[in-house]
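Step one of this worksheet: look at the structure below.
The values are calculated or read from the model by the stated rules, or taken from the named source; none is laboratory data. Worth saying up front: this structure is predicted, and the values here are computed from it rather than measured. Neighbour counts run over all protein chains shown; Cβ positions are idealised from the backbone, glycine included. Side chains included, ligands, DNA and RNA excluded: accessible areas come from the protein's heavy atoms. Shrake-Rupley method; radii C 1.70, N 1.55, O 1.52, S 1.80 Å.
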Amino acid sequence: MRAWPATLLLILSAACSATQAPAPGAARDVRAVWTAQVEAWNRGDLDGFMAGYWKSPDLVFFSNGTETRGWQATLDRYRARYQADGKQMGTLDFPELEILTLGPEAAMARGRWRLKMPDGKELSGMTSVIFRKLPEGWRIVHDHSSAESG
């Protein structure tokens, strides 16, 4: 009789600690979204760049102590910063980038970004981005990017 509670405990423990495997090809699919965003940025297509973000008021973007919520507000922030009069988008790349799958419907990209401006100035910083697999595909739901000071 005593074996039954121990067996039940073992089964429940195994069930609670089991993790779901990442979706096959998740890292590849996330990298494809990332690459499409970089390509869009580098051709000056901010709408194409934003296609990689979750088009929701619940999108969260943190940058240099500022919080922006919502897809439209994030687009407006990018437009003001990189497409307003006298502003330029530059050429974006990620000299360091790591993509980790966190589960079947979540992944994180983290690394260093670099933005080379037409005037020769170079900006860089760090980023941590959370992707979720949504009905429309893998999308960024949280972006935390910061520029190096100096």
note = Restricting region 124-140 to residues that are closer than 22 Å to W71 by Cβ and hydrophobic (A, V, I, L, M, F, W, C), the one surrounded by the fewest Cβ atoms within 10 Å (Cβ to Cβ) turns out to be L134
ask   = Can you pull out the residues in region 108-123 that are closer than 18 Å to T35 by Cα and open to solvent by less than 50 Å² (accessible area, probe 1.4 Å)?
value = M108, A109, G111, W113, L115
remark   = Counting only residues in region 70-118 that are part of a strand (DSSP E or B) and basic (K, R), the one nearest to H142 (Cα to Cα) is identified as R110
request  = Answer yes or no as to whether N42 is under 23 Å from E148 (Cα atoms), at pLDDT below 95 and in contact with a Gly (Cβ under 9 Å, 6 or more places away or on another chain).
outcome  = no
query = Yes or no: V60 closer than 22 Å to S124 by Cβ, at pLDDT 95 or above and touching a strand residue (DSSP E or B) at 6+ places or on another chain (Cβ under 9 Å)?
reply = no
key: Residue check for A36: open to solvent by less than 60 Å² (accessible area, probe 1.4 Å), touching a Pro at 6+ places or on another chain (Cβ under 8 Å) and among the small types (G, A, S)   = no
task = Name the single residue, out of those in region 49-69 being in a strand (DSSP E or B) and under 18 Å from A147 (Cα atoms), that is most open to solvent (accessible area, probe 1.4 Å).
result = E67
ask   = Only one of these conditions is not met by D143: (1) among the charged types (D, E, K, R); (2) under 19 Å from A40 (Cα atoms); (3) open to solvent by 30 Å² or more (accessible area, probe 1.4 Å). Which number is it?
value = (3)
ask   = Within the group E105, E96, which residue is modelled with pLDDT of 95 or more and surrounded by 15 or more Cβ atoms within 10 Å (Cβ to Cβ)?
value = E105
